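Student: This is the structure I have questions about; it appears just below.
What follows draws every value from the coordinates through simple rules; no lab data is involved. Everything numeric here is computed off the predicted structure, so don't read it as measured data. When we count neighbours, we look across all protein chains shown, and the Cβ atoms used for this are built from the backbone with ideal geometry, even at glycine.
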Amino acid sequence: MANEKDNGLREELFSAKKNGYDRISVEERVQIEEYSKGYIDFLNKARMEREAVRYAVDLAEKQGFREYVAGEALQPGSKVYFNNRGKSLVLAVIGERSLEEGCVIAGAHVDSPRLDLKQHPLYESEEMAFFRTHYYGGIKKYQWVAIPLALHGTVALKSGELVHVAIGHEPGDPKFVITDLLPHLAQDQMKKTMSEGITGEGLNVLIGSVPYDDDGSDRVRLAIMSILHDQYGIREEDFMSAELAAVPAFPVDEIGFDRSLIGGYGHDDRVCAYAELKALLDLKEVPARTCVCILADKEETGSDGVTGMQSAAFEYFMADLCKGQNVDLRHCFARSFCLSADVTAAFDPLYPDAFEKSNDARINYGMGICKFTGARGKSGTSDASAEIVAYLRRTFDRENVVWQLSEMGKVDKGGGGTIAKYMANRNIDTIDAGVPVLSMHAPYEVVSKFDCYMTYKGVLALYTDSDYRF
Ligand code: MN
Ligand code: MN
């Protein structure tokens, strides 16, 4: 509020935060709704990394992308993708300029916390059948009991044939559940801490109860195997070479009377994955620099493994692109810029003690830029340079991207990691930015439509920017 005596000095010198809805036009509200529809469809269908990759490939091929063939000649405007073992994907639109000048990369991950089945999952106890699980990523275990679960994943048969499983989402599909103890008998359980009340070994999924019609042992287990054999052609030993997971079965929904929010499983980080994919697919003209979109796997367990961002698979593809232009990959990376697009924590007024209000992201304040991540003294962070933040300020303000700075809660409360440091370790200038999330890593996370759209707009602004200098 301008003060009569300050001659506008406060307005001039103080930084002012403003709700995003006070900063956009009516037309843009319509675009937010349109964008959200596409995202909700993606999130409903992509519950696992393989499903996200398949969805992205389908969408990309409809827009003229095709699988890159090693050694092929590419021209400015060529649209190619590299499918890394069906679990991570790198897409590129070749730019006007040489890769010698670097490329602009946006990297998100498509894996989310979930309950992986163990390799010997099936057992029967007291004439009920269960799957044993080993959870994947950081979860609060008590949140995963007494909610509807779906079963997703892939079984690799001994023959090499793959069987894809997705059960629990179509109308009429059965669902699965991990039971909890009734409050009447939970006196001892309720005295435990929240991290001890439900244990990892206790996360066993109820999958059936009708015994097979004979006089033998393990009749419910046999009846379940019989159903699985009929439906998927699998035997019990096929679980050994399977990647199956129990994931929340909730549909993705609009939240609130004003429908301004989206509730669903796996916003982290499919909300940013969709934003960068959509931005790449929406490029109308050949970009100045080559634009690269990464959908990574294994971020939630530390980005290790052949499909994680620490894998050389990324170099394998990028080196080929560079070779096609007689460019040394090292020079390309040194002049590239990477937006590590990952979600951040949104300030939650129900839990104010965990946050630091002036530095944490707020719902409806736009894309959240994290200069650094890490935990307790920035440990494990990549910490982007001041110059990069200035570059984003300049670019986003020019393109009317609503953005905010964000940190992950109070200094000594926690923190988190992303793929940023693995990109920065490759000698690529990198910064984290993404959508603020409420209830992050819960089976049902919440984001705002406004922030989703602004993250898309932010990535698009970077892809189309031709004048980047730090
Ligand atoms: Mn994430
Ligand atoms: Mn996460």
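Student: Over 26 Å between Cα atoms, which of Lys45/Lys175; Lys37/Lys413; Lys278/Lys410; Lys191/Lys413; Lys118/Lys141; Lys278/Lys298 qualify?
Tutor: From Lys45/Lys175; Lys37/Lys413; Lys278/Lys410; Lys191/Lys413; Lys118/Lys141; Lys278/Lys298, over 26 Å: Lys37/Lys413; Lys278/Lys410.
Student: Also: How compact and how long is segment 210-264, expressed as Rg and Dmax of its alpha-carbon atoms in Å?
Tutor: 18.9, 58
Student: In addition: Give a residue-ordered list of calculated ³J(HN,Hα) values for segment 117-124 (Karplus: 6.51 cos²θ - 1.76 cosθ + 1.60, θ = phi - 60°; whole Hz; x for Gly, Pro).
Tutor: Computed from phi, the couplings for segment 117-124 are 6, 5, 6, 10, x, 7, 8, 10 Hz.
Student: Related question: With +1 assigned to the C-beta of every Lys and Arg and -1 to the C-beta of every Asp and Glu, and no other charges, what is the dipole magnitude of segment 1-160 about the Cα centre in debye, to the nearest 20?
Tutor: 560
Student: A further question follows. Placing one identical point scatterer on every Cα of segment 68-198 and ignoring solvent, what is log10 I(q)/I(0) from the Debye formula at q = 0.15 Å⁻¹?
Tutor: -0.96
Student: For a Förster distance of 35 Å, can you work out the FRET efficiency between the beta-carbons of Arg85 and Lys378, rounded to the nearest 0.05?
Tutor: Taking R0 as 35 Å, the efficiency between Arg85 and Lys378 is 0.60.
Student: For segment 292-358, how big is Rg over Rh, using alpha carbon atoms and the Kirkwood form of Rh?
Tutor: 1.18
Student: Between Tyr142 and Ser358, what is the FRET efficiency for a Förster distance of 30 Å, r being their Cβ-Cβ separation, to the nearest 0.05?
Tutor: 0.45
Student: Relative contact order for segment 214-289: what is it in percent, counting Cα pairs under 8 Å that are at least 6 residues apart?
Tutor: Value for segment 214-289: 13 percent.
Student: Mind checking which of Ala186, Ala390, Phe42 is farthest towards the positive end of the chain's charge dipole, using Cβ charges of +1 (Lys, Arg) and -1 (Asp, Glu) about the Cα centre?
Tutor: Comparing the listed Cα positions along the dipole, Ala390 ranks first.
Student: What is the mean projected area of the alpha carbon convex hull for segment 345-427, to one decimal in square nanometres?
Tutor: 5.9
Student: Suppose every Lys and Arg Cβ carries +1 and every Asp and Glu Cβ carries -1, with no other charges. What dipole size does segment 310-369 come out with about its Cα centre, to the nearest 20 debye?
Tutor: 280
Student: Same structure again: Amide H of Cys338: which non-local residues (sequence gap of 5 or more, or other chain) have their own amide H closer than 5 Å, using H built in the peptide plane?
Tutor: Amide H to amide H, under 5 Å and 5 or more residues apart or across chains, Cys338 pairs with Ile105, Asp429, Thr430, Ile431.
Student: Turning to a different aspect of this structure: Tell me, what HN-Hα J-couplings in whole Hz come from the Karplus equation 6.51 cos²θ - 1.76 cosθ + 1.60 at θ = phi - 60° for each residue of segment 188-201, using x for Gly and Pro?
Tutor: Working through the residues one at a time gives 5, 4, 5, 7, 6, 6, 5, 7, 9, x, 10, 9, x, 5 Hz.
Student: At 222 nm, what value in deg cm²/dmol follows for the chain if DSSP H runs of at least 4 each add -39500 (n - 2.57) and the sum is divided by all its residues, to the nearest 500?
Tutor: -8000 deg cm²/dmol
Student: Picking from Cys370, Cys293, Ile234, whose Cα lies most toward the positive end of the charge dipole for the chain (charges on Cβ: Lys, Arg +1; Asp, Glu -1)?
Tutor: Going by the Cα projections, it comes out as Cys370.
Student: Just add up the charged neighbours of Asp383: K/R +1, D/E -1, any other residue whose Cβ is under 13 Å from the Cβ of Asp383.
Tutor: Value of the local net charge: -1.
Student: Here's another thing I want to ask about it. For the charge dipole of the chain, defined by +1 on Lys and Arg C-beta atoms and -1 on Asp and Glu C-beta atoms about the Cα centroid, which residue among Val343, Ala16, Met423 has the Cα displaced farthest towards the positive pole?
Tutor: Ala16
Student: Something else about it: Which of the three applies to segment 1-153, rounded, prolate or oblate, going by the alpha-carbon gyration tensor with a ≥ b ≥ c and a/c under 1.5 meaning rounded?
Tutor: In terms of gyration-tensor shape, oblate.
Student: Over segment 16-152, what is the relative contact order in percent, taking alpha-carbon pairs closer than 8 angstrom and at least six residues apart?
Tutor: With pairs under 8 Å counted, the relative contact order is 15 percent.
Student: Going by a ≥ b ≥ c, the root eigenvalues of the Cα gyration tensor, does the chain fall in the rounded group (a/c under 1.5), the prolate group (a/b larger than b/c) or the oblate group?
Tutor: oblate
Student: Then there's this: Using a simple charge model, +1 on the beta-carbon of Lys and Arg, -1 on the beta-carbon of Asp and Glu, nothing else, what dipole does the chain show about its Cα centre, in debye to the nearest 20?
Tutor: 1060
Student: May I ask for the Kirkwood hydrodynamic radius of segment 58-100, worked out over all distinct Cα pairs and given in angstroms to one decimal?
Tutor: One over the average 1/r among Cα pairs gives 11.1 Å for segment 58-100.
Student: If I take every Cα pair under 8 Å that is 6 or more residues apart in the chain, average their sequence separation and divide by the length, what percent do I get for the relative contact order?
Tutor: With pairs under 8 Å counted, the relative contact order is 21 percent.
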